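The values are calculated or read from the model by the stated rules, or taken from the named source; none is laboratory data. Model, not experiment: these values are computed from the prediction. Cβ coordinates were reconstructed from backbone atoms using ideal geometry, including for glycine residues, and neighbour counts include every protein chain displayed.
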Amino acid sequence: MTKGMILAAGQGTRVRPLTRDLPKPMVPILGKPVMEYLVEHMARHGVTQIMVNVAYHHRKIEEYFGDGHRWGVEIGYSYEGVLEHGEIVPRPMGSAGGMRHIQDFSGFFDETTLVLCGDALIDLDITAALQEHRAQGAVASVVALEVPREQVHNYGVVVADAAGRVQSFQEKPTPAQARSTLASSGIYIFEPEVLSLVPSGQNFDIGAQLFPLLVEQQRPFFVQNRVFNWIDIGRVSDYWSVLQRVLRGDVARMTMPGREVRPGVWVGLNTRIDWERVTIEGPVYIGSSVQVEPGATIIGPAWIGHGSHIRAGATVTRSILFEYTRIGAAMNFSEMIVSPHYCVDRAGATVYRGDDNSPLRWSDARA
């Protein structure tokens with residue numbers, strides 16, 4: 001049996017303010033946390049015992065996923081934090097350090113283990129990847145994807161020989177320096193013995209520290225070059241573009257919730273929309289209990305979270321409204337992510353509600 005590990009302890013600083021009140025694995029895509037898609041995908045491939053390391057906003061993850069029985073899996077949690085001045089403070093131990101912490105506690109990783117980052121959508125054929133790992137006699141495998149050379153500076157690059165054995169790594173090289181165009185996808189397969197290389201009780205990273213150690217000790221460590229969808233939500237701009245792709249239907253297994261009331265327009269329950277007096281161009285999802293006043297315009301791809309309210313004459317274009325967001329009358333929000341407290345443009349520039357320098361007016365629809 002293969003065991004599973006989801007890395008979910010990070011702070012998600014590059015996607016702030018989306019992670020102001022949420023851990024990164026709980027950032028929603030079509031109303032579901034990113035991590036839920038991962039749990040569903042692991043279950044499809046028979047990975048049903050999953051450990052999750054948690055730290056920041058850990059209760060949000062634990063309360064949503066519980067013991068995992070809704071997805072036909074078992075989920076356990078490993079909290080990473082310290083006591084400082086009488087307060088429990090999150091203190092992640094690094095991707096490898098967090099796994100060693102679990103291993104020292106119970107010896108959980110006693111089988112081949114699939115490791116996933118909790119903040120990316122994937123449709124990898126896990127079963128085929130596990131078969132290749134075993135066929136190569138690998139103690140560790142890293143799943144990689146070919147990326148265009150001009151994009152290598154965004155990734156950790158894997159350099160391997162003709163047989164796929166890993167020779168070295170380059171962290172975000174320039175296109176001229178890059179000795180490979182194979183980008184590590186943050187998907188790893190480990191045998192239990194790999195964790196014996198990780199020091200106990202220390203912050204230790206898989207990519208930066210464990211992998212060079214495996215190369216140095218000449219362990220059977222291989223890269224798998226696979227073709228699959230890997231949608232990383234590393235930055236706010238990534239999140240915006242991912243949702244645009246998903247709403248357009250470009251990503252398999254991502255189905256729109258609600259009922260399609262006209263081509264490309266889906267709605268939840270209890271909405272208040274005068275269809276004759278609004279302009280809505282799909283693809284658009286309008287959540288439950290949303291009010292769209294006469295004269296308002298929504299141009300898709302757009303997601304309008306439940307309980308939101310778009311006032312008369314307002315225009316929402318290619319944007320995401322989180323739950324309970326009220327857009328002011330005659331306001332124009334284009335290519336933005338909007339919550340009751342802040343709005344972020346697609347490049348990541350943030351404005352907080354009440355900022356007098358901004359012409360935009362929006363609020364909390366619960367008030």
Looking at 199, 173, which one is loosely packed, with under 15 Cβ neighbours inside 10 Å and either touching a Lys or Arg at 6+ places or on another chain (Cβ under 9 Å) or not in a strand (DSSP E or B) (or both)? 199
When you scan region 238-281, how many residues do you find that are in contact with a Leu (Cβ under 7 Å, 6 or more places away or on another chain) and hydroxyl-bearing (Ser, Thr, Tyr)? 1
Residue within region 56-72 that is modelled with pLDDT under 95, part of a strand (DSSP E or B) and either basic (Lys, Arg) or buried (at least 19 other Cβ atoms within 10 Å of the Cβ) (or both) present: no
Residues of region 131-167 being part of a loop (DSSP other than H, G, I, E, B) and either touching a Leu at 6+ places or on another chain (Cβ under 9 Å) or surrounded by 15 or more Cβ atoms within 10 Å (Cβ to Cβ) (or both), which ones? 136, 138, 139, 147, 155, 164
For residue 194, work out the one condition from (1) part of a strand (DSSP E or B); (2) buried (at least 20 other Cβ atoms within 10 Å of the Cβ) it doesn't fulfil. (1)
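Looking only at region 190-200, decide whether some residue is without any contact (Cβ under 8 Å) to a residue 40 or more places away in the chain, over 22 Å from residue 125 (Cα atoms) and either in the same structural domain as residue 106 (by TED's automatic domain parsing) or not aliphatic (A, V, I, L, M) (or both).
The initial filter retains those residues of region 190-200 that are without any contact (Cβ under 8 Å) to a residue 40 or more places away in the chain, namely 196-197.
Right, trim to over 22 Å from residue 125 (Cα atoms) and you get 196-197.
Then keep just the ones that are either in the same structural domain as residue 106 (by TED's automatic domain parsing) or not aliphatic (A, V, I, L, M) (or both); that gives 196-197.
Yes, region 190-200 has at least one match.
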Answer from 25, 92, 17 - the residue that is touching a strand residue (DSSP E or B) at 6+ places or on another chain (Cβ under 9 Å), under 29 Å from residue 266 (Cα atoms) and part of a loop (DSSP other than H, G, I, E, B): 17
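Does any residue of region 93-102 turn out to be without any contact (Cβ under 8 Å) to a residue 12 or more places away in the chain and assigned by TED's automatic domain parsing to the domain that holds residue 190?
Taking region 93-102 as the starting set, the residues that turn out to be without any contact (Cβ under 8 Å) to a residue 12 or more places away in the chain are none.
No, region 93-102 has no match at all.
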Look at residue 184 and say whether it is under 23 Å from residue 4 (Cα atoms), of a type in the set (Ser, Thr, Tyr), surrounded by fewer than 23 Cβ atoms within 10 Å (Cβ to Cβ) and touching a strand residue (DSSP E or B) at 6+ places or on another chain (Cβ under 8 Å). yes
For region 113-130, which positions are crowded, with 19+ Cβ neighbours inside 10 Å and either assigned to a loop (DSSP other than H, G, I, E, B) or modelled with pLDDT under 95 (or both)? 117, 118, 119, 120, 121, 122, 124
